[in-house]
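The values are calculated or read from the model by the stated rules, or taken from the named source; none is laboratory data. Here the structure is a predicted model, which means the values were calculated and not measured. We place every Cβ from the backbone using ideal geometry, glycine too, and count neighbours over all the protein chains shown. The area values use the complete protein model at the heavy-atom level, side chains included, leaving out ligands, DNA and RNA. Shrake-Rupley method; radii C 1.70, N 1.55, O 1.52, S 1.80 Å.
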Amino acid sequence: MSQPALVRVTVYVAVDSVTAFEVFTEEIDAWYLRGPHHFFDPARAVAIRFEPGVGGRLLEVYNEATGEGREMARVTVWEPGARLVLRDTRDTEIDVTFEARGDETKVTLEHRGLERLPAAEAESHARLGGRVLIAWFSDYMRERTSA
Amino acid sequence: MTHYGGLEFPTLCPYLYYEDTAKAMEFLERAFGFRERLVSKDDDGTLRHVEMERGGGVVMMGSPSDHKSPKRLGQVTVGIYIHVDDVDKLYEQAKEAGADLDGAPADQAYGVRSFGARDLEGHQWWFAQPLSGSSS
């Protein structure tokens, strides 16, 4: 069975939308799970971080002192508290929106362009780029707000 | 519970077929308080698979080709039974949203206060709150 072209996952976190955006971007190194399949070069990766603003990179960091690393994705939309869009190195797009819902924030991650990937890669790419990524963020937020 | 692909699933997840899944999603949110958690689409925009959740329960949804709804068939063959925390409030919400209601919430001899309703394609739902307190 072919893979879907788009996967959208929604979670609710118990903070305001500005905080949710800040945690998603500024604290990604705290919630992005280390693992052999989660970096281009897991042996060298020491951190992951966003360069804020449009044109900034999502960077797999190899050297904290020099800033050397490898680009994982490029920021195309940066609207603190509202929306973040990334285009990754496989030319798929990750669109994250943050919407206030009472005391919570609805965080929706839409991963588009999966039809451009070879079928054998689409499932694993969609899983890491969408479902797993937002699950890690959601789990971290739950621990962070209950601490 | 079962966990895979970044998501947690109850052991039992009803898979509901709709003629128009997009409309059903909107209705289940507005009338019954469900929240979207997963959507996948084909490259022409067709909905492929949907998951909505409510209070830890998950329903999967989709639109098989040539599917006929219970409303079109004139026959309901299965019902979905959900435990909730505020059955009277949900009843008002469902009524406001235009759900086809069986009647107002009523105390049942087996220990719940409940009401029945059918969604926009005729699927049968029941919502029940334990008379002793919380559903959780």
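Where the only charges are on Cβ atoms (+1 Lys, Arg; -1 Asp, Glu), what is the dipole of chain B about its Cα centre, to the nearest 20 debye?
Using only the charged Cβ atoms, the result is roughly 220 debye.
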(request) Leaving out ligands, DNA and RNA, calculate the buried accessible area for the pair A and B with a 1.4 Å probe, summed over both sides, in Å² to the nearest 100. (result) 1400
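Evaluate the stretch A:13-125: find the radius of gyration of its Cα atoms, find its Kirkwood radius, and give the ratio Rg to Rh. Don't skip to the answer; put the middle values down first.
Numbers: Rg = 14.7 Å, Rh = 15.0 Å.
My calculation of the ratio gives 0.98.
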(message) With angles folded into 0 to 90 degrees, how steeply does helix B:21-32 sit against the dominant principal axis of chain B? Use alpha carbons for both and round to 10.
(response) 20
(message) Check which residues have an amide H placed less than 5 Å from A:T76's amide H, if you skip close sequence neighbours.
(response) A:G55, A:V85, A:L86, A:R87
(message) Can you list residues from other chains, or at least 5 along the same chain, whose modelled amide H is less than 5 Å from the amide H of B:H49?
(response) B:S40
(request) For B:E92 paired with B:D44, estimate the spin-label separation in nm (one decimal), with each label point 7 Å from Cα along the Cα-to-Cβ line. (result) 4.5
(request) Work out from phi, with θ = phi - 60° and the Karplus expression 6.51 cos²θ - 1.76 cosθ + 1.60, the ³J(HN,Hα) of each residue of the stretch B:73-79, listed in order in whole Hz, and give x for Gly and Pro. (result) 6, x, 8, 8, 10, 7, x
(message) For the protein assembly as shown, report the % of Cα-Cα distances exceeding 28 Å.
(response) 45
(message) Taking each residue in A:131-138, count the Cβ atoms of any other chain within 10 Å of its Cβ, then average. What number comes out?
(response) 3
(message) As an exercise, use a Förster radius of 25 Å and the Cβ-Cβ distance of A:R74 and A:S2 to find the FRET efficiency, rounded to the nearest 0.05.
(response) 0.35
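Provide A:S2, A:S17, B:S132, B:S63 ordered by accessible surface of protein heavy atoms (probe 1.4 Å), highest first.
Reading off the accessible areas and sorting them downward yields B:S132, A:S2, B:S63, A:S17.
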(request) Mind ranking A:110-120, A:29-39 by how tightly packed they are, going by the mean number of other C-beta atoms within 10 angstrom, highest first? (result) A:110-120, A:29-39
(request) Enter the mean number of other protein chain beta carbons within 10 Å of the beta carbon of each residue in B:30-40, as an integer. (result) 4
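List the pairs from B:K68/B:K89; B:K41/B:K95; B:K23/B:K68 whose alpha-carbon separation is above 21 Å, in the order I gave them.
B:K68/B:K89; B:K41/B:K95
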(request) Could you tell me which of rounded, prolate or oblate describes the stretch B:66-136, using a ≥ b ≥ c as the square roots of the eigenvalues of the alpha-carbon gyration tensor, with rounded for a/c under 1.5 and, failing that, prolate when a/b is larger than b/c and oblate otherwise? (result) prolate
(request) Quantify how strongly other chains surround peptide A:101-111 by giving the mean number of their Cβ atoms within 10 Å of each of its Cβ atoms. (result) 1
